[in-house]
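One structure is given below, encoded as structure tokens.
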Protein chains: 2
Amino acid sequence: MAPVLPDEVASRLKRNADGLVPAVVQDSGSGEVLMLAWMNDEALHRTLTTGRATYWSRSRQAFWVKGETSGHHQHVRSVKLDCDGDTVLLSVDQVGAACHTGARSCFFDELKVDR
Amino acid sequence: MAPVLPDEVASRLKRNADGLVPAVVQDSGSGEVLMLAWMNDEALHRTLTTGRATYWSRSRQAFWVKGETSGHHQHVRSVKLDCDGDTVLLSVDQVGAACHTGARSCFFDELKVDR
């Protein structure tokens, strides 16, 4: 594992004031959007070099390998950077529930749209 | 159109220091993740009451109705709030390209994953 994120990736990343980018996580099979988490450079580096989705927990201020405690691992199929470098999209093989509530996806609360 | 976001939605939103939440935008047909943008309360309110995806442009500090200038409208099928209220997921009928580069999706730059 290389010690740091390659320059060609690091130079394109546009981080927020806390040094983070949002990571959108999508199920590789169903296409369902499962969750959104946050990554700093090192979390992205670990994700790219291990194939295991690794985030930065803003509440705990610590790295967080998805599934490490829950067993609900995310095996990373692909990682894409968006056009302006401020968001990444992970396609993952999700083991079990992505959401800490036990739901498959964190997005289960539908709001009413008027048309 | 009600003048403000309903209390039962506003009370669940967890905004960042700038009063914004990220909005993940997914194609209602293909499931492709198209882009990520940002909403304040009023942008979410406008989205829910008009069915037209409306964001807050951080660079221009202004509301931004997707497609207003490009013609690449997003007709909103559904809006979901995530389990901790800090992200929304839009399912949209996308007219044309979602990305300002002309690409269908903003996520076209695949990074190398080692496994």
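The values are calculated or read from the model by the stated rules, or taken from the named source; none is laboratory data. If you're wondering where the values come from, they're calculated on a predicted model, not measured in any experiment. Glycine also receives a Cβ, built like all others from the backbone with ideal geometry; neighbour counts cover every protein chain displayed.
In table form, for the structure just shown:
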quantity	calculated
Which numbered condition A:Cys106 misses (of (1) in contact with an Asp or Glu (Cβ under 7 Å, 6 or more places away or on another chain); (2) exposed (fewer than 15 other Cβ atoms within 10 Å of the Cβ))	(2)
Which listed residue is over 12 Å from A:Leu89 (Cβ atoms), basic (Lys, Arg) and buried (at least 17 other Cβ atoms within 10 Å of the Cβ), from A:Arg46, A:Arg15	A:Arg46
Any chance A:Ala10 is facing chain B (nearest Cβ under 9 Å) and either over 16 Å from the mean Cα position of the chain (by Cα) or surrounded by fewer than 14 Cβ atoms within 10 Å (Cβ to Cβ) (or both)	no
Residue in region B:37-57 that is within 12 Å of chain A (Cβ to nearest Cβ), in contact with a strand residue (DSSP E or B) (Cβ under 6 Å, 6 or more places away or on another chain) and either on the phi > 0 side of the Ramachandran plot or at pLDDT below 95 (or both) present	yes
Test: residue in region B:60-78 that is aromatic (Phe, Trp, Tyr) and within 20 Å of B:Leu13 (Cβ to Cβ)	yes
Single residue of B:Ala43, B:Ala62 found to be over 11 Å from the mean Cα position of the chain (by Cα) and more than 23 Å from A:Glu32 (Cα to Cα)	B:Ala62
Counted residues, region A:68-97 - those being outside any strand (DSSP E or B), more than 10 Å from chain B (Cβ to nearest Cβ) and under 14 Å from the mean Cα position of the chain (by Cα)	2
First in region B:1-18 and assigned to a loop (DSSP other than H, G, I, E, B) and at pLDDT 95 or above, second anywhere and surrounded by 10 or more Cβ atoms within 10 Å (Cβ to Cβ) and among the hydrophobic types (A, V, I, L, M, F, W, C), Cβ under 7 Å, 6 or more apart	B:Arg12/B:Leu81; B:Leu13/B:Val21; B:Arg15/B:Val21
Count of region A:19-49 residues which are among the acidic types (Asp, Glu) and in a strand (DSSP E or B)	1
Residue list for region B:98-114, filter: in contact with a helix residue (DSSP H, G or I) (Cβ under 9 Å, 6 or more places away or on another chain) and not in a loop (DSSP other than H, G, I, E, B)	B:Leu111
